[in-house]
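The values are calculated or read from the model by the stated rules, or taken from the named source; none is laboratory data. Note that the structure is predicted; figures quoted are calculated from it, not measured. Neighbour counts are summed over all protein chains in view; Cβ atoms, including those assigned to glycine, are modelled from backbone coordinates with ideal geometry.
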């Protein structure tokens with residue numbers, strides 16, 4: 001049972017354009033969502049998060065949007081840079097089990113010149 | 001300040017064998033979580049250790065076990081290895097009270113790639 005889904009395995013975007021990565025979840029108990037970036041041979045690195053009491057959180061070029069009614073979140077990267085090329089994982093937790101993160105399957109972003 | 005380190009980097013075992021993976025947590029962190037990432041999948045939570053006690057477990061059989069030591073480093077042990085155990089095993093450390101911490105302050109190591117033949 002995949003509770004966090006990233007339906008696009010890959011995405012290619014030109015440098016300078018916007019990258020939009022999507023994530024859907026099914027468990028209504030999730031109330032905290034995170035995005036991680038992963039380069040080859042490295043562990044996932046925390047990028048940005050959002051609590052369910054908000055619908056938007058920004059950090060520099062990265063913005064996460066949350067639509068609770070649709071159980072959908074998205075990560076926007078503007079402008080995209082070649083160094084953003086990596087695998088992006090969406091993850092979720094509920095405050096009752098803050099020890100456990102449930103991850104999606106990842107989206108490989110390639111930013112081309 | 002050193003980050004999370006894991007050893008070994010790669011490991012090859014045969015079916016039925018036992019394996020021990022090691023993780024050194026980031027300085028000052030008292031909580032370690034282990035995740036399994038199979039090829040093409042996202043990381044899956046195995047269990048967490050807080051101050052040497054298991055503090056939450058995912059949907060993994062008992063042949064997956066762990067330890068946390070007084071210096072907060074940790075081991076993941078897998079007995080009776082199966083082909084499906086082939087995966088990247090990730091360790092993540094964090095600092096919290098009673099095992100509760102801000103999940104966005106969890107730092108991952110580079111992982112151990114286990115291949116079971």
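Residues to consider are B:72, B:89; find the one that is under 22 Å from residue B:5 (Cβ atoms) and under 12 Å from the mean Cα position of the chain (by Cα). Walk me through it before giving the result.
Details: B:72 fails: under 12 Å from the mean Cα position of the chain (by Cα).
Checking each option against the conditions leaves just B:89.
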Next on the checklist: For the list (1) surrounded by fewer than 22 Cβ atoms within 10 Å (Cβ to Cβ); (2) more than 20 Å from residue A:38 (Cβ to Cβ); (3) under 14 Å from the mean Cα position of the chain (by Cα), I need the number of the one condition that residue B:49 fails.
Outcome noted: (1)
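Scanning for something touching a residue at least 60 places away in the same chain (Cβ under 8 Å) and closer than 19 Å to residue B:10 by Cα, does segment B:42-55 turn up at least one residue? Before the answer, list the steps.
Restricting attention to segment B:42-55, the residues satisfying the condition of being touching a residue at least 60 places away in the same chain (Cβ under 8 Å) are none.
No: segment B:42-55 contains no residue that is touching a residue at least 60 places away in the same chain (Cβ under 8 Å) and closer than 19 Å to residue B:10 by Cα.
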Next on the checklist: What pairs come out if I take residues in segment B:11-26 that are touching a residue at least 24 places away in the same chain (Cβ under 8 Å) and pair them with residues that are surrounded by fewer than 17 Cβ atoms within 10 Å (Cβ to Cβ) and in a strand (DSSP E or B) whose C-beta lies under 6 Å away, six or more apart or interchain?
Outcome noted: B:12/B:115; B:19/B:13; B:20/B:77; B:22/B:7; B:24/B:5
Checklist entry - Given B:56, B:16, which one is under 22 Å from residue A:33 (Cα atoms) and either outside any strand (DSSP E or B) or over 10 Å from the mean Cα position of the chain (by Cα) (or both)? => result B:56
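Give the residues of segment A:39-55 that are outside any strand (DSSP E or B) and within 16 Å of residue A:106 (Cα to Cα), sorted by residue number. Walk me through it before giving the result.
Within segment A:39-55, the subset outside any strand (DSSP E or B) is A:39-44, A:52-55.
Hits for segment A:39-55 are A:39, A:40, A:41, A:42, A:43, A:44.
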Checklist entry - Do you know which of the residues in segment B:31-46 that are assigned to a loop (DSSP other than H, G, I, E, B) and buried (at least 19 other Cβ atoms within 10 Å of the Cβ) is farthest from the other protein chains (Cβ to nearest Cβ)? => result B:43
Next on the checklist: Condition first: surrounded by fewer than 15 Cβ atoms within 10 Å (Cβ to Cβ), out of contact with any helix residue (DSSP H, G or I) (no Cβ under 8 Å at 6 or more places or on another chain) and more than 14 Å from chain A (Cβ to nearest Cβ). Now tell me which residues in segment B:3-19 satisfy that.
Outcome noted: B:12, B:14, B:16, B:17, B:18
Checklist entry - What is the number of the single condition among (1) crowded, with 21+ Cβ neighbours inside 10 Å; (2) within 30 Å of residue B:7 (Cα to Cα); (3) more than 14 Å from chain B (Cβ to nearest Cβ) that residue A:80 does not meet? => result (2)
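When you check residue A:16 against the structure, is it at the interface with another protein chain (Cβ under 10 Å from one of its Cβ atoms) and in contact (Cβ under 8 Å) with a residue 24 or more places away in the chain, yes or no? Break it down stepwise before answering.
Numbers: at the interface with another protein chain (Cβ under 10 Å from one of its Cβ atoms): no; in contact (Cβ under 8 Å) with a residue 24 or more places away in the chain: yes.
No.
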Item to check | Subset of segment B:66-114 [at pLDDT 95 or above, closer than 28 Å to residue A:35 by Cα, away from chain A (no Cβ under 14 Å) and surrounded by 13 or more Cβ atoms within 10 Å (Cβ to Cβ)] | outcome: B:75, B:76, B:85, B:86, B:114
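Could you list, in sequence order, the residues of segment A:47-66 that are under 14 Å from residue A:83 (Cβ atoms) and either away from chain B (no Cβ under 12 Å) or surrounded by fewer than 13 Cβ atoms within 10 Å (Cβ to Cβ) (or both)? Outline the logic, then answer.
We begin by selecting, within segment A:47-66, every residue under 14 Å from residue A:83 (Cβ atoms); these are A:47, A:60-62.
A:60, A:61, A:62 - these are the residues of segment A:47-66 that are under 14 Å from residue A:83 (Cβ atoms) and either away from chain B (no Cβ under 12 Å) or surrounded by fewer than 13 Cβ atoms within 10 Å (Cβ to Cβ) (or both).
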Item to check | Selection from segment A:79-108 of residues that are more than 17 Å from the chain's Cα centre (by Cα) and at pLDDT below 95 | outcome: A:95, A:96, A:97, A:98, A:99
Checklist entry - Quick one: in segment A:32-46, which of the residues that are within 8 Å of another protein chain (Cβ to nearest Cβ) and surrounded by fewer than 22 Cβ atoms within 10 Å (Cβ to Cβ) is modelled with the lowest pLDDT? => result A:41
